[in-house]
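The values are calculated or read from the model by the stated rules, or taken from the named source; none is laboratory data. No experiment lies behind these values; they were computed from the predicted model shown. Reconstructed Cβ throughout: ideal geometry from the backbone, glycine too, with neighbour counts over all protein chains shown. Just so you know, the surface numbers come from the protein's heavy atoms only, side chains and all, with ligands and any DNA or RNA stripped out. Shrake-Rupley method; radii C 1.70, N 1.55, O 1.52, S 1.80 Å.
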Amino acid sequence: MRKKIVAGNWKMNNDKAETSALIKGLKRSIKKLPLKNTRVIIAPSYLSLSSAVKKTKDTPIEVAAQNMHQAKSGAYTGEISADMLKSIGVKTVIIGHSERREYFCETDELLAAKLDAVLANDMEAIFCFGEKLEERKKEDHLLEVGSQLKNSLFHLKPADFKSIILAYEPVWAIGTGETASPEQAQEMHAFVRTVIGKKFGLEVADSVSILYGGSVKPANAEEIFSKPDVDGGLIGGAALQVEDFTAIIKAI
Ligand code: 13P
């Protein structure tokens, strides 16, 4: 059975005190939930990662990083390596978020190299992809996503997908309040599964978790999660509130 996953991408939010308060609240509210087949992941900023790992020890909450450099070490001012993340107990990292692609010029090729670094370090990636509004309007969304997947994933081996979670995040739905309809999400997720199946085999396609991200809220989570190829969510704004994030986890 595919794992259900609810991951909170905190982006550039929450200082030290806010991080502590949010984790404290989440620990309390999650304790009461029957999580069964569901993973709960939070991705705070680099500064808060180490304390988040300590504060979530012995709880079901896992901690991920929002980004990572592909090199082992060296003169890359401002960057963080796989070894650094592993040394504080972080083994999951978000790769290819559209904000990284857009504001930090991360290309499909660079993301392929980052995925290689994640896998070479026995870490796990939450790999994000998605089309922009112009592409959706031109009905090129499947073409665009197909090309992002091909350029960043097609050099991998089927076994690598044990360490990869996919996340469809239509750029036009991120932080805009506009969500893909459950049908639009399902169409894309089914397409992605087909693309992965053709390249890596049905077993891989059937076992890889595909998350949806883009204005997921307590009010729309249940309907989106009810779609057969949607295995969970990558949550931005609503992951910053204990009540909202908890309600989204409950909806899965
Ligand atoms: P919002 O939920 O704020 O739209 O953000 C989605 C996202 O980018 C998660 O990575």
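What the table shows:
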quantity	calculated
Filter result (more than 17 Å from T194 (Cα to Cα) and either surrounded by fewer than 14 Cβ atoms within 10 Å (Cβ to Cβ) or touching a residue at least 60 places away in the same chain (Cβ under 8 Å) (or both)) within the stretch 129-147	E134, K137, K138, E139
Helices (runs of 4 or more DSSP H) enclosed by the stretch 43-141 - at least 3 residues per element that are within 29 Å of L33 (Cβ to Cβ)	46-55
All positions within the stretch 195-232 that are hydroxyl-bearing (S, T, Y), more than 16 Å from the ligand (Cβ to nearest atom) and under 19 Å from S163 (Cα atoms)	S207
Leading residue by the ranking (nearest to G78 (Cα to Cα)) among those in the stretch 43-58 that are charged (D, E, K, R) and exposed (fewer than 15 other Cβ atoms within 10 Å of the Cβ)	K54
Checking R101 against (1) within 16 Å of the ligand (Cβ to nearest atom); (2) open to solvent by 80 Å² or more (accessible area, probe 1.4 Å), the condition it does not meet	(2)
Any hit, the stretch 48-60, residues being under 17 Å from the mean Cα position of the chain (by Cα), within 16 Å of the ligand (Cβ to nearest atom) and of a type outside the set (D, E)	no
Extreme residue, farthest from V230 (Cα to Cα), among residues of the stretch 1-42 that are open to solvent by less than 80 Å² (accessible area, probe 1.4 Å), within 16 Å of the ligand (Cβ to nearest atom) and part of a loop (DSSP other than H, G, I, E, B)	N14
Scope the stretch 73-98; condition over 22 Å from K57 (Cα atoms), open to solvent by 30 Å² or more (accessible area, probe 1.4 Å) and touching a residue at least 12 places away in the same chain (Cβ under 8 Å); matching residues	I80
Subset tally (residues that are within 12 Å of the ligand (Cβ to nearest atom), over 20 Å from R2 (Cα atoms) and not charged (D, E, K, R)) for the stretch 135-180	10
Residue selected from the stretch 179-190 under the condition over 18 Å from the mean Cα position of the chain (by Cα) and more than 17 Å from I248 (Cα to Cα), by the criterion surrounded by the fewest Cβ atoms within 10 Å (Cβ to Cβ)	E183
Subset tally (residues that are within 14 Å of G237 (Cα to Cα) and of a type outside the set (S, T, N, Q)) for the stretch 159-183	6
Condition met for K150 (more than 21 Å from G236 (Cα to Cα), modelled with pLDDT under 95 and either open to solvent by 10 Å² or more (accessible area, probe 1.4 Å) or within 15 Å of the chain's Cα centre (by Cα) (or both))	no
